[in-house]
Every structure is written in C-alpha cells, then in structure tokens.
C-alpha cells in the first residue's frame, strides 16, 4: 500500500445506527405485548372453564342424589345449599308438567359464574 492511499471506512461495516436499534426494539416490544395479552386471555378462559366445570359437577351430583330418592320422597323445593367452594345449589321439583313424572331443575350460582347454571331432568314413576 502506498502512503498516498488513504483507507476509507466502509459505511456498511460501521454498525447499527441508533434509529435502527430503536425501531427493532419497538417491533420486539409490540410482539411481546401481543404474546402476553394472548396469554392473559388464555388464563382467564381457563379459569372460567374451571368454574363452569366445577359448578356443573355440583349440579350433576345433586341431580344424582335426587334421582336416587324414591319418587314420592322428592321434595318440591329444596332449601339452597352453600358449598364450601363458594357455590349455592338450589332445586325445584315440578310435578304438574307430566302425568307420571317430575321435572327437577337444579340451579347453581356463585363463585366466578357470570350466569347461573341450570340442569333439568325428569324423574318418572316406574
């Protein structure tokens, strides 16, 4: 190399500009916010599904209990039962709908449920 030749730095090898770094960080932050928002929605959906499953299980348990009782011993209206998990279970028995059957309606309200859950069944006289 001759002394009269000067080495000129190549602009492509000088690194990233602060503007490029800021744009990259902004894009990364927006992507991470979208992922975290989706994760939060998934957790809330799982909690809601858990409450629905637990409430429906309690309603089914009460329904099985009422179906196991003899036909004439099923109470017309049950006093609400408070479950230790924070749910309230109530039921009604309507014997005017069917000639030889009783319509049993179980209603579960409480913890985390937006709307009351209802389960209906017909107990027939065999």
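Miscellaneous remarks
- Options 71, 87; residue that is in contact with a strand residue (DSSP E or B) (Cβ under 8 Å, 6 or more places away or on another chain) and more than 22 Å from residue 115 (Cβ to Cβ): 71
- Count of the stretch 77-103 residues, restricted to those that are part of a strand (DSSP E or B), surrounded by 10 or more Cβ atoms within 10 Å (Cβ to Cβ) and at pLDDT below 80, is 3.
- Any hit, the stretch 106-114, residues being farther than 15 Å from residue 54 by Cα and in contact with a strand residue (DSSP E or B) (Cβ under 8 Å, 6 or more places away or on another chain): no
- Among the residues of the stretch 110-120, those that are surrounded by 15 or more Cβ atoms within 10 Å (Cβ to Cβ) and part of a strand (DSSP E or B) comprise 110, 117, 119.
- Single residue of 19, 52, 58 found to be in a helix (DSSP H, G or I), modelled with pLDDT of 90 or more and exposed (fewer than 10 other Cβ atoms within 10 Å of the Cβ): 19
The values are calculated or read from the model by the stated rules, or taken from the named source; none is laboratory data. Being a predicted model, the structure only gives us computed values, none of them experimental. Using ideal geometry, Cβ is built from the backbone for each residue, glycine included, and neighbour counts are taken over all protein chains shown.
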